[in-house]
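See below for the structure under consideration.
The values are calculated or read from the model by the stated rules, or taken from the named source; none is laboratory data. In this text the structure is predicted, and so the values were computed from the model without any measurement. Cβ: placed from backbone, ideal geometry, glycine included. Neighbour counts: every protein chain shown.
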Amino acid sequence: MVERRLVWLAGIVLIWGGAIFGKLVALQVVHHQEYVTKARARQEEVVELRAQRGAILDRTGHPLAMSVPTESVFVDPLKVPSLELDSDLLAHELHLDPAELYRRIRTAHDNHRGFLWVKRGITPQEAEDVRSLKLEWIHVDTGSERHYPNATLAAHVLGGVDFAEKGNGGIEKALDTQLHGAPGEARILTDVRRRGIDELVSTEAHAGASITLTIDERLQFVAEREIAAAVKLHEATSGSVVVMKPYDGQILAMASYPPYDPNQPPESESDVAARSNHAMGVPFEPGSCFKVITLSAALETTKLRPDTPINCHGGVLVLPGRIIHDSHAGFGFLPMDMVLAHSSNIGAIEIGRTVGRAAMYDYVRRFGFGQKTGVPLPGESKGRLRAIPQWGTTSLESISMGQEVSVTTLQLARAVSVVANGGLLVKPRLVLKQGDQTLPIEPPVRAIKPETAITMRQMMEGVVLVGTGKEARLEGYTSGGKTGSAQIFDFATRHYTHTYNGSFMGFAPVTNPAVVVVVTLNGTRGNGGFGGVVAAPVFKVVATEALRILDVPKDLPDDPPSKTLLAASQVLDDVSIADLGSGQPNILEDRDDEEPVAPQADGFVGPVAPAAPVAQGPAAGTVPNFKGMTLRAVLMEAAAKGIPVQPDGSGVARVQNPPPGSVWHQGERIRVQFAR
Amino acid sequence: MATQPAFLTRTETPARIAVPAVRLDSARAERDPFQLRALPHEDVFFYCKKIDNSRLVREADPRAGSACWKVIGAAGLVLALFTGVLAPRVANTVAGYKLEALRVEAQTLADERRTLELEEAQRLSPERLDKLAQGQNLVTPTASQVVHLENKGEGKVAMVKK
């Protein structure tokens, strides 16, 4: 009997054990994958590894744009238990207005929205406080926010990003792929309290590459400051400055006015318009600046030389359907270098006619006009240059003096670099490095011969020394350039207006140019709106600062040479030449009048008699005291009294020469030194 | 251990109590028909037997001691093995907690650093420095105030530095 009981006991135990074993097999073998999946779903959390957007740096490594992590709070309005009470609680934690928050949550709840941003960019303490509430309807999202620490500095170059940190302008858009990076993924093993135990990275996150620009932060600031001051002073509508190294095309500064702050989204149409990069996106007729191309073509394709006399027809030239005037005192014959120095339109037209259509078009293209420069910025304009079959009867003449062609400030900088670097057309560069990798320089293309370039440099120095660009003369450095004052065409009335695009394009030093600066102001008015008046002073300040930053040694003594020395070295010709210190006032810039031909009885319009050249006159009063006055006040008072002033520096007037109270002679210029 | 009482193995009722057998010459005495059969175990009397075990000394079992130690050793070995298997896992889990906490802290510090870098960049912006300089009555040096330290002789052509 006992044996029977033992047998029964053994049997029961065996069955029980078998059942357990069978269940174990079912759990760990048959349903293994299913339970593994369930366990992973409970224990593992898949998180996205953020890919930091690359920073944009200036050439010295200072950040111009960078992303910082930020936390934001959002709620599910449909899951909020008590709208009033909970919104009050949340508002207290996030330092928000409770009534406003309640209204927003209520509105979202009534509209059956399951998502509502409560506050973006919260502080770490606020994030901690919200997390400690441990409410299922409150979520803290970790994201990234783009910041531009210098506000408006280089905004047109940098561009901006949208809410998803995707570039929507400037470098941010052009190089978005490199900046964006690639997010990764990781699986985190968590415990019951959702604390991480282990992490397995399934996909590595790749941060975006940092981009180092060629822009120099300091120079950019000076360029933006000066163009803003000039636009406000001369009541222009917009302006731009480009500073470039002529040999490798590195853009050291690209300023555009009006500015904007990329940290703030645009709120009005004017904000949107301000985001237009005038330096490379808005073409304009260059005016007399284009004479550099005309003369370069002449030196290469004709027998004209700097001393070749050019017939300026006394200042008036009749063309089919047009009369061209030289607004200066009418010139008879001028050597070619003086045509450039005094910016004679008629002289340029004669030179252009000698060059011919085909060669003119060829050299305009060689200097890079009519095509994009290839700078990595969206919205670049290639300007406008019509093909020869589309040229009109007087197109050659117009193009010779910078009309019927539209260019951008950046194209002008590239063109003057050809002269500055010995004849090579370089590609402007904006990106110096991508990550740690320096980008290679594209080999330049020869546009003109080196000797042509050197000759042009000397002629352009004449513009600054004796011509229309005296305001651009630098202290301690030689400089060369060309002014331009192109009338703006009104498409409504089909007439040229008396508003100008005043420009100056130049380089310094002359012997071995280290920097090229082009300044353009759009919409200047009247006699005070010419390039030599509005743009040349900006060139002076910006070029001086650029040479100081680049540590370029001076090639001139600091004190300007005496009048006697300069007068003795100058070649006299039939036009009055202003020397340093007490030259003729720069009254008129190049200007052409697009006046319709007034038909006469015989259909002939004769030339106008040339005006007498202006000479230094007798004593006309005493020199006023400008000390302590701002630049604008000095210019206004001087203009009211008819006294030409040569300002230097910025800020308030400190020193003037001749001193206050001394005798002022008609035509004498007063030099005023400004400082802050 | 007490022996099994004999009565438990007894399966028959005891025979009638036998009187000393006196062989009678007479014929076998006849059974009294009115005599009752004895009840089972009637002849069994239980009484407490006093056993004095005070002088009884349990003899040590040498085999039991070694068996005990063997059991203890085996249990200890099992425990050690068990701990040896589990301990790394536990340590791994604890280390995992620390590691994750350190990762989170590293990420937090990296984020803080970026925030500070942004603040530094804002404080070093040219516009702010310019305003501070103006407040300190500092001016941009004019060209005549800038002296290049390299000794360049008179009449040398301007050289561009890279």
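Per-residue answers, yes or no, for (1) more than 14 Å from chain B (Cβ to nearest Cβ); (2) assigned to a loop (DSSP other than H, G, I, E, B); (3) at pLDDT below 50:
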{"position": "A:Gly583", "(1), (2), (3)": "yes, yes, yes"}
{"position": "A:Met636", "(1), (2), (3)": "yes, no, no"}
{"position": "A:Ala639", "(1), (2), (3)": "yes, no, no"}
{"position": "A:Val672", "(1), (2), (3)": "no, no, no"}
Does any residue in the stretch B:133-148 that is part of a helix (DSSP H, G or I) come within less than 7 Å, Cβ to Cβ, of a residue that is not β-branched (Val, Ile, Thr) six or more places away or on a different chain, and which pairs are these? B:Gln134/A:Arg676; B:Ala143/A:Leu474; B:Ala143/A:Glu475; B:Ala143/A:Gly476; B:Ala143/A:Asp558; B:Ser144/A:Glu475; B:Ser144/A:Gly476; B:Ser144/A:Asp558
Of the residues A:Glu128, A:Glu48, A:Glu71, which is in a helix (DSSP H, G or I) and either in contact (Cβ under 8 Å) with a residue 60 or more places away in the chain or within 14 Å of chain B (Cβ to nearest Cβ) (or both)? A:Glu128
Just to be sure before I move on: is A:Thr107 among the polar types (S, T, N, Q) and more than 27 Å from the chain's Cα centre (by Cα) in the structure I sent? yes
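If you check A:Asp76, A:Asp97, A:Asp86, which single one turns out to be in contact with a Phe, Trp or Tyr (Cβ under 7 Å, 6 or more places away or on another chain) and more than 14 Å from chain B (Cβ to nearest Cβ)?
A:Asp76
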State all residues of the stretch A:23-47 that are of a type in the set (Lys, Arg) and either exposed (fewer than 10 other Cβ atoms within 10 Å of the Cβ) or under 30 Å from B:Gln107 (Cβ atoms) (or both); if no residue qualifies, say none. A:Lys38, A:Arg40, A:Arg42
Listed residues A:Leu572, A:Leu550; which is within 20 Å of the chain's Cα centre (by Cα), surrounded by fewer than 19 Cβ atoms within 10 Å (Cβ to Cβ) and either away from chain B (no Cβ under 14 Å) or modelled with pLDDT of 75 or more (or both)? A:Leu550
Kindly indicate which of A:Asp490, A:Asp436 is out of contact with any helix residue (DSSP H, G or I) (no Cβ under 8 Å at 6 or more places or on another chain), in the same structural domain as A:Gly352 (by TED's automatic domain parsing), closer than 30 Å to A:Glu172 by Cα and surrounded by fewer than 20 Cβ atoms within 10 Å (Cβ to Cβ). A:Asp436
Read through the list (1) within 12 Å of chain B (Cβ to nearest Cβ); (2) under 27 Å from A:Gly374 (Cα atoms); (3) not hydrophobic (A, V, I, L, M, F, W, C), then give the number of the only condition that A:Ser240 fails. (1)
The residue that is surrounded by the most Cβ atoms within 10 Å (Cβ to Cβ), considering only those in the stretch B:123-148 that are more than 8 Å from chain A (Cβ to nearest Cβ) and among the charged types (D, E, K, R), is B:Arg128
Starting from the stretch B:106-122, keep only residues that are more than 8 Å from chain A (Cβ to nearest Cβ) and under 22 Å from A:Asp58 (Cα atoms), then list their pairs with residues that are surrounded by 12 or more Cβ atoms within 10 Å (Cβ to Cβ) and at pLDDT 95 or above whose Cβ atoms are within a distance under 7 Å, requiring at least 6 positions of separation or different chains. none
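The rows are residues; the columns are (1) assigned by TED's automatic domain parsing to the domain that holds A:Val75; (2) surrounded by 12 or more Cβ atoms within 10 Å (Cβ to Cβ); (3) closer than 30 Å to A:Leu377 by Cα.
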position	(1), (2), (3)
A:Arg104	yes, yes, no
A:Val130	yes, yes, no
A:Lys134	yes, no, no
A:Ile138	yes, yes, no
A:His147	yes, yes, yes
A:Gly159	yes, yes, yes
Counted residues in the stretch A:77-99 being over 44 Å from the mean Cα position of the chain (by Cα) and surrounded by fewer than 19 Cβ atoms within 10 Å (Cβ to Cβ) come to 12
If A:Ala65 satisfies all but one of (1) surrounded by fewer than 17 Cβ atoms within 10 Å (Cβ to Cβ); (2) at pLDDT 90 or above; (3) among the aliphatic types (A, V, I, L, M), what's the number of the condition it fails? (1)
How many residues, within the stretch A:156-204, are polar (S, T, N, Q) and within 14 Å of chain B (Cβ to nearest Cβ)? 1
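Yes/no per residue for (1) under 29 Å from B:Arg114 (Cα atoms); (2) surrounded by fewer than 17 Cβ atoms within 10 Å (Cβ to Cβ):
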residue	(1), (2)
A:Arg193	no, yes
A:Leu200	yes, yes
A:Gly239	no, no
A:Gly249	no, no
Which condition does A:Val516 not pass, out of (1) farther than 20 Å from A:Ala639 by Cβ; (2) away from every other protein chain (no Cβ under 14 Å), if it passes all the others? (2)
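Yes/no per residue for (1) of a type in the set (A, V, I, L, M, F, W, C); (2) within 30 Å of A:Ala255 (Cβ to Cβ); (3) touching a Lys or Arg at 6+ places or on another chain (Cβ under 8 Å):
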position	(1), (2), (3)
A:Asp129	no, no, no
A:His147	no, yes, no
A:Ala151	yes, yes, no
A:Pro183	no, no, yes
Check every one of the helices (runs of 4 or more DSSP H) wholly within the stretch A:264-321 and list those with 3 or more residues that are without any contact (Cβ under 8 Å) to a residue 24 or more places away in the chain. A:269-274
